[in-house]
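Trainee: Questions regarding the structure given below will be posed in turn.
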Amino acid sequence: MAESSAEWYQEVHTVVQEQELGEVSQVLETLGGPWKPLILYYISEGVHEYRDIRRLMMECEKITYGRQLLDLEAAGIIQKKSVAAAPPKDYYHLTQEGRRYLPLYETLFQYTLALKAEEG
């Protein structure tokens, strides 16, 4: 028995919504975390060495900081370059994919500032 066009539309709409929400959730999971926005901000502003970024984020536990870097690297958002020196140095740079996320972070930062201004 054929479905009515309204039923068909609702079913298709539900599938599309679930797919879109799934994609949004995936992006939020990739970029979410307590320190990822700050890490990306510092890298985008020219702070690239592991130790320099770490000094700016002393409130973040070292293991959490390392995990956030690994997550961002695994997602293809940042790229690590190790330099053999004494001591060895690791540098991080945004990938092309990572640069695509900067406007999203800028919007989130602006939204946060607006909320704080409203709170007074």
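Trainee: Quick one: in segment 2-59, of everything that is over 20 Å from His93 (Cβ atoms) and assigned to a loop (DSSP other than H, G, I, E, B), which residue is modelled with the lowest pLDDT?
Mentor: By that ranking, first place goes to Ala2.
Trainee: Looking only at residues in segment 89-103 that are among the aromatic types (Phe, Trp, Tyr) and modelled with pLDDT of 95 or more, which one is surrounded by the fewest Cβ atoms within 10 Å (Cβ to Cβ)?
Mentor: By that ranking, first place goes to Tyr91.
Trainee: Hey, can you tell me all the residues within segment 103-120 that are of a type outside the set (Ser, Thr, Tyr) and either closer than 17 Å to Lys36 by Cα or assigned to a loop (DSSP other than H, G, I, E, B) (or both)?
Mentor: Within segment 103-120, Pro103, Leu104, Glu106, Leu108, Phe109, Gln110, Gly120 qualify.
Trainee: Do any residues in segment 89-100 that are part of a loop (DSSP other than H, G, I, E, B) have Cβ atoms under 9 Å from those of residues that are not hydrophobic (A, V, I, L, M, F, W, C), where the two are at least six apart or on different chains, and which pairs are they?
Mentor: Thr95/Gly76; Thr95/Gln79
Trainee: When you scan segment 60-88, how many residues do you find that are among the aliphatic types (A, V, I, L, M) and assigned to a helix (DSSP H, G or I)?
Mentor: 5
Trainee: Restricting to segment 98-120, name every residue that is in contact with a strand residue (DSSP E or B) (Cβ under 9 Å, 6 or more places away or on another chain) and either among the hydrophobic types (A, V, I, L, M, F, W, C) or over 20 Å from Leu28 (Cα atoms) (or both).
Mentor: Correct list: Leu102 only.
Trainee: Okay, next question. Among the listed residues Ala117, Ala75, which satisfies the condition of being hydrophobic (A, V, I, L, M, F, W, C), surrounded by 14 or more Cβ atoms within 10 Å (Cβ to Cβ) and modelled with pLDDT under 95?
Mentor: Going through Ala117, Ala75 in turn, just one is hydrophobic (A, V, I, L, M, F, W, C), surrounded by 14 or more Cβ atoms within 10 Å (Cβ to Cβ) and modelled with pLDDT under 95: Ala75.
The values are calculated or read from the model by the stated rules, or taken from the named source; none is laboratory data. None of these values were measured; they are calculated from a predicted model. Here Cβ is always computed from backbone atoms with ideal geometry, including for glycine, and neighbour counts include all displayed protein chains.
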